[in-house]
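Notes follow the structure.
The values are calculated or read from the model by the stated rules, or taken from the named source; none is laboratory data. Please read these numbers as outputs of a predicted model, since none were measured by experiment. No Cβ is skipped: glycine too gets one built from the backbone with ideal geometry, and neighbour counts run over all protein chains shown. Accessible surface areas use protein heavy atoms only, side chains included; no ligands, DNA or RNA. Shrake-Rupley method; radii C 1.70, N 1.55, O 1.52, S 1.80 Å.
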Amino acid sequence: MKAQGNAPVAVRWDRLRERHTCHSNCIQTVRNTLDKLGVNYSIIGRDEMHRGSLYDKDFVLTIGGDGTTLNVASFLDNHVPIAGINSDPATISSDYRSNRSDERKSKGALCAMTALDVEDILPKIIYGTFPAAHRTRIQCLVRSTYTETRLPPALNDLL
């Protein structure tokens with residue numbers, strides 16, 4: 001769109017390119033780490049994501065931020081562990097450089113690791129020496145023209 005002159009004026013292309021580079025570098029770091037550990041893995045892009053694409057997986061890594069982790073978690077049941085990797089974390093040094101924090105960057109509260117420490121933490125997760133954090137999730141039925149989700153049977157009885 002930019003090359004054709006049809007891109008929105010408000011888009012900050014340098015920042016978008018920097019974010020893409022950070023994310024791509026994190027993906028490569030994760031791939032290198034998994035290869036080094038001898039882990040058999042597959043890569044599923046966001047546009048390919050659906051419940052069926054995850055049915056036979058025994059562990060899921062997400063690379064992005066809290067939103068990516070939440071999105072993928074919505075396709076999983078409680079039997080498949082998930083670990084998020086914040087691919088473009090807000091860092092203290094970047095906050096000091098600009099004299100303010102970048103609210104567009106993920107804080108990574110739901111992520112187990114970031115692009116900065118993935119090479120140290122991911123092997124601990126794979127070998128089972130990293131402590132797991134259990135999160136409570138709730139499902140509900142929402143009737144609208146946009147979406148419908150289902151309650152687990154135990155909660156249906158309460159309604």
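Taking 7 Å steps out from each Cα toward its Cβ at ARG12 and ASP58 produces label points 4.4 nm apart.
Ranking ILE82, ILE43 by solvent-accessible area of protein heavy atoms (1.4 Å probe, all protein chains present), from largest to smallest, gives ILE43, ILE82. Kindly identify segment 1-88 as rounded, prolate or oblate by the Cα gyration tensor criterion: order the square roots of the eigenvalues as a ≥ b ≥ c, call it rounded if a/c is under 1.5, otherwise compare a/b with b/c, prolate if a/b is larger, else oblate. Here segment 1-88 falls in the prolate category.
Here segment 1-78 has 52 percent of its accessible surface on carbon and sulfur atoms, given a 1.4 Å probe and all protein chains in place.
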